[in-house]
Structures are given as structure tokens and as C-alpha cells.
Amino acid sequence: MTHQPASFNNATVDANLLTTRPWLRFYPPGVPASLTYPDQPLPRLLGQAAIQFPDHLACTLFEQRLSYRQLYEQVCRAAHGLEHSGMKRGTTVGILLPNLPEYLVSLFAVWTAGGQVVQLSPLLVPEEVERLLRLTDCRYVVTLDLLLPNLATALQNQLLEHVFVVSLADRLPILKSVLYRFERLRKQGHFHFVSRAPVRPFNNLLEYAPRNSVGQSIELEEVAVLAPTGGTTGSPKIVMLSHRNLLCNAWQLRAWSLARDGEERIVGVLPFFHAYGLTVCALAGVAMRATIHLHPRFQTLATLQLIEHWRPTIFPAVPAMLAALNRVLRNWPSNRPRPHMNCLRAVISGAAALDPAVRDEFAQYGAQGIIEGYGLTEAGPVTHANPLLSEHIRPGTIGVPLPDTDARIVDPISGDQEMPIGEVGELVVRGPQVMLGYWRNPDETALALRNGWLYTGDLARRDADGYFTIVDRKRDIIKTSGFLVYPAEVEEVLLRYPHVAEAAVVGEPDPIRGEIVVAYIVPRDGLDLQQLDSFCQEHLAKHKRPRKFQVVPQLPKNFLGKVLRRQLRQDAHSA
């Protein structure tokens, strides 16, 4: 059914455009169909914030506070220090840090000096880190002392020229500081090469004069970030995001969030080493001149304390975070006042589908504007989001394309023919946030970028109003007896069964059917597989029903809480 919006205030949009982009009718008042973007690279985004709001808090961590003036001064000092160490324009610099002020300083300092940032995940093992450093010609890394072991292989092979090390030891309360130092000693005790390696304290970079003219002028089309992303093959793909890509996406999010410059406060617990956290928290935060309240990693009690103390207004999250917070709030001791989430006017959920029950429960604790969105690293990453106006939020959908963003559903085989309204196909998008391509990988680039469109690999459908719903990953489709089965559709039914806590569905090779449907189940008390099978027979067509049920204690997930179906497929194929 088509829903009519309460109002449409964008008088510049003509009827013809509304025919091709019906979602524009559902934009909140004040959000135009097209934006005017700053014609400047990312370092100037921070520089302008420091001029406009010099004394406004840029970020906090524990008791540490940095104003925009202080943050920008540290960036200019660090950029001068990097240049003094031999860094030149186009140099790649890896950042292997949790969410700390030094992440923001390093990010903008590398850009100010004309370099490119390589996003490195603390979850990678040393061999994986070394592989990415080699692929990106990276000889500089900024890291945390606790993460130095992740550089063990690269240091032993003399791959790195400069490693700048940050420590949290002096910023923690006494007891936690002692535990931190003990953990550092435990992790690094056997790394004797550290004393001989090119390892220096990060603070050495801040000893240089804060020269604002470091580096040459930066072009908007230059690569700003090299972001590794999981590929379907054994080799990782590395996304090239330009200054323009990231700036435009930050500006789109600033407009979509109905941000009030200098008044927003953002929960900064999504990891910056992922495109979601980098853009939605860090860069959009600077674009809003917001205060970003950092914490090194997501912890339920620490996040609740942060919300209670700083009263943030915007909370970018993933469903697993909201579910974890719900569990703590649900079981809050009756003799203590429960934290209230009513300061949150926008809760942005991405990376995975948000369970309606999780959304509704989090809303009961006072949070407002709980919306789902969609993105992928190749698009900087955000392309879709639900409007913040409550009457236009449609749970279960990823919302509508952001300003200056177009989207279509095309035939998943040919990729050419547009699918009718309501039918499933591959989601393709285009907009100023879409990547330049994959680093040194023209073949994969040509597959992903075709005639200006980014082929996402996600299967979706679009309704008549222009709201999009993700159905599945293209590569996750199960082909059984000539039929196509979408795992998410089967999982939705399984999760309705009261004794199933979590479920994931994959295909297992079968000599007769090609593949059969296999369900991995995390049980609740009282699970009876025969009764579950009967439930599936009642609610699923024959070809969609799981032929096997595997009961497991937990599902494999990445750091954003997304189920790793590829790992389950490997298990099924080796069974």
C-alpha cells in the first residue's frame, strides 16, 4: 500500500523527478533532494570547525577533553612531525587503533601531510596485518602499545620504517592503569625486537611546531582512505575512497540527521577502523561540529555511563549493541535508578537487520528516532536511511536513498534490466559517495562499477513509495532443485519459533538437488527439533524448508555482529 507523506516542502523538485525518485516526497522538511558540498579536502573540514567553534568540545575520552582548537593544533603538529620523519605526498599510513583522540589526530594529520590512510583492524592477526601493509606499500603505522604484537611479523621482516605508539596507561584510573600495564607486559614480554625496531612514542609527533601549511594542496579526487573489505575470493579487496567521497557522505549524513551545528553530541563506540564508524561517527561528527564521546570499544555498562553522563543526541549503532543494552536495562537492579535514553533523538542502526522486538524495547527506555539504514564500504558507506520523522519511519526497510543518491533494483543475472516494483533483484546505487574503485584491482573494479552504477551484491526490493528492503546477499542464495531460496526468508520463520534464539541458513552441496537448506540454530530452553521441523512445514514452502538442523552454542559473527555465513558454508561443505 502506498502511504502519502504529511508534507513535502522541497519546491525545487518537479513532477518528473518525483516519477523516477518517488522517495523524495518522504524527505524531512529542510532536507533537499540535492546538496551543496564544501569544495575542499577533508583537513579543511576540521580547520573550518576549529575557526567556527574553537572552544567547543571536539571529543572526550574518560576524563580527557579536546576542544576543536586543541584537536586542530595537534593535527598540525602531528602532520609536521610526519613530514619531518620523511613522509611525502601519497605516502600510505596505517592506523591500528581503537577509538581514541589519537585516531582523529592521526587521520587528519596524514591527510594534512598529503598522505593516504590504511584502515587496519585490531582483530587481524600479525600475518594478516603484514599482508595488508605489503599490498598497500605501507611503511608507517600508528598503533596502541597493546596492539604492537599485531605488528610482530611486519617488524620482524623489517617492513616498517616508522611506528608511532599510543598508550592509555596514563589516562586510566589507578587500578585499571595497573592492570593495563600488566597486560602490556604480558603481551610484549617476549617481543625483544621492539627495542631495536623503529618504534617511537606518538607524542614525539606532537613536539613539532603547529604549521598549518604542511604538505601541498590536496585535490578532492585524491585517495584519502584505503579500506580493506572482505571479498568472495581469497584475496582481500581494498576500497579506494577519495576526499570527495568521504566529504560528501559526511555532508549527506549531516543534512539527513537534521543536525544543529555545534549542538550535537555523538556516541563514538562504533570502531573507526570500519567505514561505518569512520564516516557516521568521526567525519559526520566533525561536519556537524559535534562532540564525539569516545570509548575504546563497546561495553554495555561503559556505554550506558557515557550516555547518562554526557546526554548525547545521536547514537550510531548496530543491532547487537542495542540488544546488549536492552539485556542490561531489562535486568537493572530495582534499588538503583535506571539510565534513561530520552536524550537520544536519533539512533541509527546499520550493518545488519534490526529485530523489531529489539527496536521496540530500546524505544521503551526513552530513545527516539530509531531508524535503520544501509551502506557498504564501497559507498563511503551510507546510501540509504529511514527519515527521522516518526510517521515516515518504516521498520524492516533500509529507508530511502540519501540526497544526490540514486538506486535501482536490476535483474541479478544480467544486471541490465530494471525489475518491476516489489520484485527481488540486485541493488545498484550511484552518488558522489561511491568509491573510485579497488586498489590495483581493475578486474574487480570493472565488475563492481558499471556505467556509473555500483553493483552492491545485495538482493533487495523496492516498493511504490521508493522504500527499499534488503532480502539477502547475492552470493548467499541457495539453489535447490531449480528453485532459488533466500536465507533471510527462512531465518525469519525460524526466529518466530519461541525456542530459537538465533538462526542462520546456508546451502550444503547435494548430488540430487544441487544444494539443500541447512539451518544453524542457537537454542533456547525446551527446543525440540521435530516440533521445529513441523513448524517449518506449516510456514515454509517445501523447497525452502531446512533439510538439516545443526544446533550450535553460538553463530560466528564479525565485530559488527553480522553473521558470517561464509564460515557456515565452509562448515557445511566440509561436513
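The values are calculated or read from the model by the stated rules, or taken from the named source; none is laboratory data. The model shown is predicted, which means the values in this text are computed figures rather than measured ones. Reconstructed Cβ throughout: ideal geometry from the backbone, glycine too, with neighbour counts over all protein chains shown. The accessibility values were calculated without ligands, DNA or RNA, using every heavy atom of the protein model including side chains. Shrake-Rupley method; radii C 1.70, N 1.55, O 1.52, S 1.80 Å.
Summary of values
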quantity	calculated
Qualifying residues in segment 9-30 (those that are at pLDDT 85 or above and over 13 Å from Pro401 (Cα atoms)) - the one least open to solvent (accessible area, probe 1.4 Å)	Pro29
Strands (runs of 3 or more DSSP E) enclosed by segment 86-177 - at least 3 residues per element that are within 21 Å of Leu436 (Cβ to Cβ)	92-96, 116-119
Single condition Ile421 does not satisfy, out of (1) touching an Asp or Glu at 6+ places or on another chain (Cβ under 8 Å); (2) in a strand (DSSP E or B); (3) open to solvent by 30 Å² or more (accessible area, probe 1.4 Å)	(2)
Pick from segment 540-569, criterion assigned to a helix (DSSP H, G or I) and over 30 Å from Met321 (Cα atoms), ranking: most open to solvent (accessible area, probe 1.4 Å)	Lys542
Pair list, Cβ < 8 Å and 6+ apart or interchain, from segment 83-95 residues that are in contact (Cβ under 8 Å) with a residue 60 or more places away in the chain to residues that are β-branched (Val, Ile, Thr) and part of a loop (DSSP other than H, G, I, E, B)	Glu83/Val214; Thr92/Thr136
Unmet requirement for Arg430, which otherwise passes all of (1) open to solvent by less than 70 Å² (accessible area, probe 1.4 Å); (2) closer than 25 Å to Leu247 by Cα	(1)
Pairs, first assigned to a loop (DSSP other than H, G, I, E, B) and modelled with pLDDT under 85 in segment 201-226, second hydroxyl-bearing (Ser, Thr, Tyr) and open to solvent by less than 30 Å² (accessible area, probe 1.4 Å), C-beta under 8 Å, six or more apart	Val214/Thr112; Gly215/Thr112
Boolean, Leu283 is over 28 Å from Gln70 (Cα atoms), within 16 Å of the chain's Cα centre (by Cα) and open to solvent by less than 10 Å² (accessible area, probe 1.4 Å)	no
Residues of segment 496-538 that turn out to be among the hydrophobic types (A, V, I, L, M, F, W, C) and either farther than 23 Å from Arg473 by Cβ or without any contact (Cβ under 8 Å) to a residue 12 or more places away in the chain (or both), as a count	5
Glu263 vs. criteria open to solvent by 60 Å² or more (accessible area, probe 1.4 Å), more than 22 Å from Arg430 (Cβ to Cβ) and at pLDDT 95 or above	yes
Test: residue in segment 243-250 that is open to solvent by 30 Å² or more (accessible area, probe 1.4 Å), in contact with a Ser or Thr (Cβ under 6 Å, 6 or more places away or on another chain), at pLDDT 95 or above and on the phi < 0 side of the Ramachandran plot	no
Residues within segment 420-439 that are in contact (Cβ under 8 Å) with a residue 40 or more places away in the chain and either more than 12 Å from Glu378 (Cα to Cα) or among the aromatic types (Phe, Trp, Tyr) (or both), tallied	7
Odd one out for Glu102 among (1) among the acidic types (Asp, Glu); (2) within 29 Å of Ala302 (Cβ to Cβ); (3) surrounded by fewer than 18 Cβ atoms within 10 Å (Cβ to Cβ)	(3)
Scope segment 71-85; condition open to solvent by 10 Å² or more (accessible area, probe 1.4 Å) and either of a type in the set (Val, Ile, Thr) or not in a helix (DSSP H, G or I) (or both); matching residues	Ser85
Positions within segment 42-58 being within 19 Å of Thr112 (Cα to Cα) and either of a type in the set (D, E, K, R) or buried (at least 17 other Cβ atoms within 10 Å of the Cβ) (or both), in sequence order	Leu42, Pro43, Arg44, Leu45, Leu46, Gly47, Gln48, Ala49, Ala50, Ala58
Options Glu378, Glu391; residue that is more than 30 Å from Ile238 (Cα to Cα) and of a type in the set (Asp, Glu)	Glu391
Failed item in (1) within 27 Å of Leu270 (Cβ to Cβ); (2) open to solvent by less than 30 Å² (accessible area, probe 1.4 Å), with Ala152 passing the rest	(1)
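For (1) under 22 Å from Ala385 (Cβ atoms); (2) aliphatic (A, V, I, L, M), each residue gets a yes or a no:
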| position | (1), (2) |
| --- | --- |
| Met240 | no, yes |
| Ala255 | yes, yes |
| Gly268 | yes, no |
| Ala282 | yes, yes |
| Val286 | yes, yes |
